[in-house]
Amino acid sequence: MDDATARRTAAGTPPAARPTGPAATGADTAEPPGTGTPEGPPPAAEPAVPEPYLTELAAGVHAFIQPDGGWCLNNAGFVTDGDATLVVDTAATERRACLLRRRIAESGAPAPRTVVNTHHHGDHTYGNAVFAPEATVIGHAACRRELLAAGHQLHAVWPEVAYGDIRLTPPEVTYTDTLTLHVGGIEVRLIHPGVAHTTGDTLVWLPEERIVFAGDLVFHGGTPFVFMGSLTGSLRAVQTLRELDAVTVVPGHGPVTGPGVYDGIERYLRFVGELAQEGRAAGRTPLETAQRADLGPFAELAESERLVANLHRAYAELAGAAPGAPLDPLAGFADMTVLNGGVPMACHA
């Protein structure tokens, strides 16, 4: 299964989830006003990436899906009662954040008053400034702290990407455990599951609609990534997700799905833990362990190079490191490049 196929496989997608708006048919791929792009097809070396599209999940609730869900191509969404609008995450580039804003307007929803960030990574936060200062940005306290510390993080990894005018806009309202918001009559609960994908993750839970925006605790069709968080914490976070009893799960990357996605994530995380124990006991480095690993059913997941970064985290925890303790990002990304055949990971945002 290639990357694109893995991402388009929507097994378990709730029947109510369906693409809406011009992007669902590919009828509108224009740039936001004033951005401007050269005419003609993209360079041959850069395969065309489908445009984002909206999926209606319930009355007033939409997911903004960015195929193919790989590096930097995250999902977002919005909740509206017709009078107020809350956005969940933004995007990695100004162009894509402006497209999200335009899709919200085209749906008939009013301009957002609130943006919630599920964590600090740039693909989920770089576009915050497109909505602020009109919208208040909310996130976990560690999300704000990590965003300020990381700076223009994506620029450092993928300097060639046309990000546009990215003005770092961290959450100005923060919480630590839980926070309940109301979008008219729609209840939106923010839940910190502990250190998992990062130190400052947020689950955005709509209890009445039984919809959860899971952020990067869930990759659907892609390999989980715990390098900046915790392996053991991610397993606990899966249990937290199960306890919510959601019917519809919006992953941080990949198509909308159902709670059955948790099973595969849990199996993968346990696989990483077992590999780490075996490799560390044998005196092998995380890279050596990853190179020797038989991925088995996990070979179908995109971004399989993340295995070695996940092993770095698992090794650190076996050595007694606290969840979320900083690891060397240069070492982690260098090892992922080696595992990716010596080719740096591509960002198509």
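What residue among Y268, L54, Q66 has its Cα farthest toward the positive end of the dipole of the chain, where the charges are +1 on Lys, Arg and -1 on Asp, Glu, each on the Cβ?
In the chain, that residue is Y268.
For T114, what residues show an amide H to amide H distance below 5 Å, using hydrogens built from the backbone and excluding near sequence neighbours?
T85, V87, T136
Once every Cα of the chain carries one equal point scatterer and solvent is ignored, give the base-10 log of I(q)/I(0) from the Debye formula at q = 0.07, 0.10, 0.12, 0.13 Å⁻¹, two decimals.
Log-scaled intensity ratios, in q order: -0.26, -0.55, -0.81, -0.96.
Measuring with a 1.4 Å probe in the full set of protein chains, what accessible area per residue, in whole Å², belongs to the stretch 222-269?
29 Å²
Report, please, the projected area of the stretch 183-253 averaged over directions, based on the convex hull of its C-alpha atoms, in nm².
Taking a quarter of the hull surface, the average projection is 4.6 nm².
What does the charge count around R292 come to, taking other residues whose C-beta lies under 14 Å from its C-beta (Lys +1, Arg +1, Asp -1, Glu -1)?
Its environment carries a net charge of -3.
Report the Cα-based extents of the stretch 59-141 along its three principal axes, largest first, to the nearest Å.
Projected onto its principal axes, the Cα set of the stretch 59-141 covers 34, 29, 20 Å.
Nearest 20 debye, what's the magnitude of the dipole of the stretch 262-349 about its Cα centre given +1 on Lys and Arg Cβ and -1 on Asp and Glu Cβ?
On the way: 7 positive and 12 negative charges, 32 e Å.
The dipole magnitude comes to about 160 debye.
D263 to E243: extension gain in nm, 0.36 nm per residue of separation minus the Cα-Cα distance?
Between D263 and E243, full extension yields an extra 5.9 nm.
Taking only the C-alpha atoms, wrap a convex hull around the stretch 234-304 and report its volume per residue in Å³ as a whole number.
Considering the Cα atoms of the stretch 234-304, their hull volume per residue is 97 Å³.
Specify which residue in the list P224, A84, M345 is farthest towards the positive end of the charge dipole of the chain, using unit charges on the beta carbon of Lys, Arg (+1) and Asp, Glu (-1), about the Cα centre.
P224
With a probe of 1.4 Å, find how much accessible area the stretch 275-349 has per residue, and write the answer as a whole number in Å².
Heavy-atom accessible area per residue stands at 48 Å².
Just to confirm a number: summing +1 for Lys and Arg and -1 for Asp and Glu over residues other than G194 whose beta-carbon lies under 9 angstrom from that of G194, what do you get?
0
Give me a comma-separated list of calculated 3J(HN,Hα) values for the stretch 154-171, in order, Karplus coefficients 6.51, -1.76, 1.60 applied at θ = phi - 60°, integers in Hz, x for any Gly or Pro.
In residue order, the calculated couplings are 5, 4, 5, 8, 10, x, 7, 6, 7, 6, x, 8, 9, 9, 4, 10, x, x Hz.
Hey, how many Å between the Cα centroid of the stretch 67-115 and the Cα centroid of the stretch 266-345?
Each part's Cα centre sits 33 Å from the other's.
Report ³J(HN,Hα) in whole Hz for each residue of the stretch 288-304, in order, from the Karplus equation J = 6.51 cos²θ - 1.76 cosθ + 1.60 where θ = phi - 60°; Gly and Pro get x.
With coefficients 6.51, -1.76 and 1.60, one gets 4, 5, 5, 5, 8, 6, 9, 6, x, x, 7, 5, 6, 6, 6, 6, 5 Hz.
Calculate what fraction, in whole %, of the accessible area of the chain sits on carbon and sulfur atoms when a 1.4 Å probe is rolled over the protein chains. Working shown, then result.
Details: 7620 of 14250 Å².
C and S atoms contribute 53 percent here.
Inverting the mean 1/r over all pairs of different Cα atoms, compute the Kirkwood radius of the stretch 138-198 and quote it in Å.
Radius from the Kirkwood sum: 13.7 Å.
Can you give the calculated 222 nm mean residue ellipticity of the chain, where each DSSP H run of n ≥ 4 adds -39,500 (n - 2.57) and the sum is split over every residue, rounded to the nearest 500 deg cm²/dmol?
Numbers: 11 runs with 108 residues, N = 349.
One gets -9000 deg cm²/dmol as the mean residue ellipticity at 222 nm.
What number comes out for the charge environment of W71, summing +1 per Lys or Arg and -1 per Asp or Glu over other residues with Cβ under 9 Å away?
Numbers: positive: none; negative: D123, E303.
Taking every Cβ under 9 Å from that of W71, the sum is -2.
Measuring with a 1.4 Å probe in the full set of protein chains, what accessible area per residue, in whole Å², belongs to the stretch 66-132?
Result: 21 Å² per residue.
About its Cα centre, what dipole magnitude does the chain give when the only charges are +1 on Lys and Arg Cβ and -1 on Asp and Glu Cβ, stated in debye to the nearest 20? Spell out each step's value before the answer.
Details: 23 positive and 40 negative charges, 80 e Å.
Approximately 380 debye in magnitude.
The values are calculated or read from the model by the stated rules, or taken from the named source; none is laboratory data. Not measured: the values here are computed from a predicted model. Cβ sites come from the backbone with ideal geometry, for glycine too, and all protein chains shown count toward neighbours. To get the accessible areas, we keep the full protein, side chains included, count just its heavy atoms, and leave off ligands, DNA and RNA. Shrake-Rupley method; radii C 1.70, N 1.55, O 1.52, S 1.80 Å.
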